[in-house]
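What follows draws every value from the coordinates through simple rules; no lab data is involved. Just so it is clear, the model here is predicted, and its values are computed rather than measured. For neighbour counting, all protein chains shown are included, and Cβ atoms are generated from backbone atoms with ideal geometry for every residue, glycine included.
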Amino acid sequence: MLLENQVVIITGAASARGIGKATAKVLAAQGARIAILDLNQSDAESAARDLGEGHLGLACDVTDKAACVAATDAVAAKYGRIDALVNNAGITQPIKTLEISKNNFDAVIGVSLLGTLYMSQAVIPHMKQQQRGSIVCMSSVSAQRGGGIFGGPHYSAAKAGVLGLAKAMAREFGGDHIRVNSITPGLIQTDITGDKLTPEMRADIIKGIPLGRLGEANDIANACLFLASDLSAYLTGITLDVNGGMLIH
């Protein structure tokens, strides 16, 4: 198995139809012990139980650096190591430029960008001690194309910031054998999209996707597996597009 006895932290992974939980299932099936972090302790614990024995669910607000450090230390204390982090937690708001308030901006930037920084800051000392680790950062096609279907401009800004942060961390920590890479999903069918797509919207969007379908959470989960495992041992600082060809550069 690709992740036999490795320990992986995944943030925002309790949502039933989310990318985080799909990633947890795929990585656990490859032998990883998973620590699911989410805002609600009971939700995180329930999601961890769904994976089977040997996994952990913890409450963590990724916008709170102390909470990130505490959760990371708890994982390290239980398992003795941290091999990978998937910075999956994120929120979106479908509002336009002139409607964005400071509270809107702070909320979206806080979870996606600041949360990515805080969780990375929490795990990197453990990875440096091991001289090994992989960090996967979740961006979005909206960061590349300037807006998405459901996210506002501040969401695009947050996800673009994730790309820059990941590349900078990749440069800084490559000498410690810590790899940092990003994934840019296209339109994925999750709890965030839910039932918001009308049949007409769906058909119109699919016309612009060469592979002829919307993405599934497992499409992103499999990309996370690739970047977390040694299959990508010589990759760092990359942006992996997983969008069915929606955005071909």
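Starting from the Cα of ASN104, step 7 Å along the direction of its Cβ; do the same at GLU4; then give the gap between the two resulting points in nm.
Here the modelled spin labels are 5.1 nm apart.
Along the three principal axes, how long is segment 1-78 when you take its alpha carbons, biggest first, rounded to the nearest angstrom?
In descending order, the Cα extents are 34, 28, 18 Å.
Calculate the dipole size of segment 167-241 relative to its Cα centre from +1 charges on Lys and Arg beta carbons and -1 charges on Asp and Glu beta carbons; express the result in debye to the nearest 20.
It works out to roughly 180 debye.
Expressed as a rounded percentage, what relative contact order does segment 7-242 have, with Cα pairs under 8 Å and six or more residues apart?
21
Check the straight Cα-Cα distances from LYS167 and name the lysines below 24 Å, setting aside those fewer than 8 residues away within the same chain.
The reachable lysines, counting only those whose Cα sits under 24 Å from LYS167, are LYS65, LYS128, LYS159.
Once fully extended, how much extra length lies between HIS177 and ILE95, figured as 0.36 nm per residue of separation less the alpha-carbon to alpha-carbon distance?
Net length gain for the segment: 25.5 nm.
Could you derive backbone 3J(HN,Hα) for segment 199-207 from the dihedral phi with the Karplus parameters 6.51, -1.76 and 1.60 (θ = phi - 60°), listing whole Hz in sequence and x where the residue is Gly or Pro?
Values per residue, Gly and Pro as x: x, 5, 4, 4, 4, 5, 5, 4, 4 Hz.
For segment 7-242, with only Lys/Arg (+1) and Asp/Glu (-1) charged at the beta-carbon, what is the dipole magnitude about the Cα centre, in debye rounded to 20? Numbers along the way, then the final one.
Details: 21 positive and 21 negative charges, 88 e Å.
So the dipole magnitude of segment 7-242 works out to roughly 420 debye.
With Cβ to Cβ distances under 11 Å as the rule, what net charge do the other residues near VAL123 carry (K, R +1; D, E -1)?
Charge balance in the 11 Å sphere: 0.
What translational diffusion coefficient, in µm²/s and rounded to a whole number, does the Stokes-Einstein relation yield for segment 160-249 at 25 °C and a viscosity of 0.890 mPa s, taking the hydrodynamic radius as the Kirkwood radius over Cα pairs?
168
Could you tell me how far the Cα centroid of segment 34-51 sits from the Cα centroid of segment 194-249, in Å?
Rounded to whole Å, the Cα centres lie 25 Å apart.
Given the DSSP H assignment, sum -39500 (n - 2.57) over each helix run of at least 4 residues in the chain and divide by its residue total; what's the result at 222 nm in deg cm²/dmol, nearest 500?
On the way: 9 runs with 107 residues, N = 249.
So the calculated ellipticity at 222 nm is -13500 deg cm²/dmol.
Report the charge-dipole magnitude of segment 68-143 in Debye, nearest 20, computed about the Cα centre from +1 at each Lys and Arg Cβ and -1 at each Asp and Glu Cβ.
Its charge dipole is roughly 180 debye.
With all distinct Cα pairs included, what does the Kirkwood hydrodynamic radius of the chain come out to in Å, to one decimal, could you say?
With all distinct Cα pairs of the chain included, I get 17.9 Å.
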